[in-house]
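K.L.:
Shown below is the structure under consideration.
The values are calculated or read from the model by the stated rules, or taken from the named source; none is laboratory data. Owing to the predicted nature of the structure, the values given are computational and were not obtained by experimental measurement. Counting neighbours? That spans all protein chains shown, and the Cβs are built from the backbone with ideal geometry, glycine included. Note: areas computed on protein heavy atoms with side chains; ligands, DNA, RNA excluded. Shrake-Rupley method; radii C 1.70, N 1.55, O 1.52, S 1.80 Å.
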Amino acid sequence: MKKVMFILAAACMTAAANAKILRVSNVSGSSAPYSSIEAAHDAASSGDTIMVDGSNAKYGGDYGKYDITKKLVIIGPGYWLVEDGAVAEGASSAYIATLNLKTEGIVVKGMSIGNLNISGAKAVINRCHIGGLSFSSGADNGVVSQCYITGTPSGANYIQMTNNIFTSTTAYNLLSGFKNSYIAYNTFRNKNVQLSSVTNTTIEHNLWKEIKNSSTTNSLNDNYSTDIINTQATNDFIDKDYYALEIPTDVISKYGAFAGDSPYILAGVPSGPVIQDLVVPTTVEMGSKMNVTVKIGMVK
């Protein structure tokens, strides 16, 4: 048994060592080897990571529409980086108009996505800004966490949606089609919540104004209703200080997107190493070394 385990471990390490990181940027003059997600996707193999730079166009640059048909990790820089105080002026998100995830096990982090359509099982969506969000039939066991969602999500079986912030321009926040799922620690900013064809789902520790639940098979446990969250609906980005001041501490620590073990992260900065500070001399003498200081931090 030990020998088998050792062989499996060695195989896993080999697979990890062979995985590539492919960088994409649609900014003119960038040193990135790929200018489109399509080109990086075509060059990638299952298990690779595509790092997507932000750009300076509207919404952080439009990478267009694309189908992901390989098991990849796609990572952007986050969103509202300046507004939420994550970085200095000028940093932008990586925006893709439509992203279709068509195979199992795709991971997407730190992206701004107009419409996200998931037809592959076991997708993981983390710290993204999302408009439309839909799980097709069979796209089961997906995870959506720490995201900002402006559309009306439609679900599948065994979907976990935790620590997200929802808002809507319609009369209510609509969740439809989720079955045998887990919806917890979410904040519904400025609307009531309405469930449509949501069954056998556990719904707990959410923060909202009111919920309309038409199914007796759902389990609603320990949620919190308040009108306070409606009054800060004019800004797209989230002001955590507002919530901390207006909502009692014991409420914000137990309910909504900023509670739980994996609270919502301002600006959607993906987990992993980030450059916190960079010091580069403006001039150096001819023939002298240029001393560059880089401070690296870890986002959890």
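K.L.:
Counting only residues that are loosely packed, with under 15 Cβ neighbours inside 10 Å and without any contact (Cβ under 8 Å) to a residue 12 or more places away in the chain, which one in the stretch 19-40 is nearest to MET51 (Cα to Cα)?
P.N.:
Going through the qualifying residues, I end up with PRO33.
K.L.:
Let me ask another. Limited to the stretch 199-222, what total is found for residues that are within 11 Å of TYR182 (Cα to Cα), buried (at least 19 other Cβ atoms within 10 Å of the Cβ) and hydrophobic (A, V, I, L, M, F, W, C)?
P.N.:
Residues meeting the conditions: 1.
K.L.:
Take the conditions more than 26 Å from SER93 (Cα to Cα), open to solvent by 40 Å² or more (accessible area, probe 1.4 Å) and touching a Gly at 6+ places or on another chain (Cβ under 7 Å) and apply them to SER181. Does it pass?
P.N.:
Against the criterion (more than 26 Å from SER93 (Cα to Cα), open to solvent by 40 Å² or more (accessible area, probe 1.4 Å) and touching a Gly at 6+ places or on another chain (Cβ under 7 Å)), SER181 does not qualify.
Here is a yes/no grid of residues against (1) open to solvent by 40 Å² or more (accessible area, probe 1.4 Å); (2) at pLDDT 95 or above; (3) farther than 18 Å from LEU72 by Cβ:
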residue: LYS102; (1), (2), (3): yes, yes, no
residue: VAL107; (1), (2), (3): no, yes, no
residue: ASN117; (1), (2), (3): yes, yes, no
residue: LEU174; (1), (2), (3): yes, no, yes
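K.L.:
Can you name the residue in the stretch 104-124 that is among the aliphatic types (A, V, I, L, M) and assigned to a loop (DSSP other than H, G, I, E, B) and is also farthest from GLN160 (Cα to Cα) among such residues?
P.N.:
Taking the candidates together, the pick is MET111.
K.L.:
Give the stretch 151-172 a look and list any residue that's open to solvent by 40 Å² or more (accessible area, probe 1.4 Å) and modelled with pLDDT of 90 or more, or say none.
P.N.:
Scanning the stretch 151-172 gives ASN157, TYR158, GLN160.
K.L.:
Residues of the stretch 167-181 being touching a residue at least 24 places away in the same chain (Cβ under 8 Å) and touching a strand residue (DSSP E or B) at 6+ places or on another chain (Cβ under 6 Å), which ones?
P.N.:
Matches in the stretch 167-181: TYR172, ASN173, SER176, GLY177, LYS179.
K.L.:
Another question about this same structure. When you scan the stretch 153-166, how many residues do you find that are out of contact with any Asp or Glu (no Cβ under 7 Å at 6 or more places or on another chain) and free of Cβ contacts under 8 Å to residues at least 60 places away in the same chain?
P.N.:
Within the stretch 153-166, residues that are out of contact with any Asp or Glu (no Cβ under 7 Å at 6 or more places or on another chain) and free of Cβ contacts under 8 Å to residues at least 60 places away in the same chain number 7.
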